[in-house]
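Taking it in order: structure first as structure tokens, then the write-up.
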Amino acid sequence: MPFEVVLASGFMMATFGAVMGLCLRSDLPQVRRPVVGGAVLCLMPLLYAGLGELLGAASFGVVVLLALTSPWAVARITRWMRVPLVPHETHAAATAPLEEALRRQWQESTRLLDAASTPRERLMVVNVRAEILDDVVRSHGSLPAYLWTTDSGSGGGSRPQPGGG
């Protein structure tokens, strides 16, 4: 194919994707740059053939593997693979006494804090933990021992113990 035809086809596909991104940006609030994303998305079918020819089949596989193992892709894949709570666990937590419910909330927030990968996620968990602490102090009057220990089996460092341990 002549270079001009390839260039014109690429420009047309990118323009179409950009217009689609522009039209759908209000429906996609989680997408940071919908116009650029739409243009790249529509341009990708044209780039695959050229990239495979330029790099060769094995190198193209390495590029795809690198893209799938990027931190962005791994974070999305692990988020999709998380097992949701089964209904009987949710029911048991909802019907537990107040002290037990607060203890379970604290343990779950500890797990979420350990699993948080971005500062924004950590801040959200810290805000939730502040609310849990307020409820604990209201119900107990003092801080129970489970607030100072960790049940994290991640093998990482432990949280500080009271008394400077």
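The values are calculated or read from the model by the stated rules, or taken from the named source; none is laboratory data. Note that this is a predicted model, so its numbers are computed, not measured. Cβ sites come from the backbone with ideal geometry, for glycine too, and all protein chains shown count toward neighbours. Each accessible area value is taken on the protein alone, full model and side chains, heavy atoms only, with ligands, DNA and RNA left out. Shrake-Rupley method; radii C 1.70, N 1.55, O 1.52, S 1.80 Å.
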Spacing of the two label points (7 Å from each Cα toward its C-beta) at LEU28 and ARG111, in nm: 3.4 nm
Accessible-area composition of region 3-81, carbon plus sulfur, in percent [1.4 Å probe]: 76 percent
Going residue by residue through region 30-39, the Karplus relation 6.51 cos²θ - 1.76 cosθ + 1.60 with θ = phi - 60° gives ³J(HN,Hα) values, rounded to whole Hz and with x marking Gly or Pro, of 7, 7, 6, 10, x, 5, 5, x, x, 5
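With a 1.4 Å probe and all protein chains left in place, how much accessible area per residue does region 98-146 have, in Å²?
Numbers: 3240 Å² over 49 residues.
On a per-residue basis, region 98-146 sits at 66 Å².
Compute the Cα gyration tensor for region 3-81, then decide on rounded, prolate or oblate, letting a ≥ b ≥ c be the square roots of its eigenvalues: rounded whenever a/c is under 1.5, prolate when a/b is larger than b/c in the other cases, and oblate in all that remain. Let's see the in-between values first.
Numbers: a/c = 3.85, a/b = 1.02, b/c = 3.78.
Here region 3-81 falls in the oblate category.
Treat every Asp and Glu Cβ in region 3-81 as -1 and every Lys and Arg Cβ as +1, leave all other atoms uncharged, and give the resulting dipole magnitude about the Cα centre to the nearest 20 debye. Provide the component values of the computation, followed by the final result.
Working: 5 positive and 3 negative charges, 86 e Å.
So the dipole magnitude of region 3-81 works out to roughly 420 debye.
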Ignoring ligands, DNA and RNA, what accessible area per residue does region 3-81 give at 1.4 Å, in Å²? 79 Å²
Just name one of TRP72, ALA8, GLY61: the one whose Cα is farthest towards the positive end of the charge dipole of region 3-81 (beta-carbon charges, Lys/Arg +1, Asp/Glu -1). TRP72
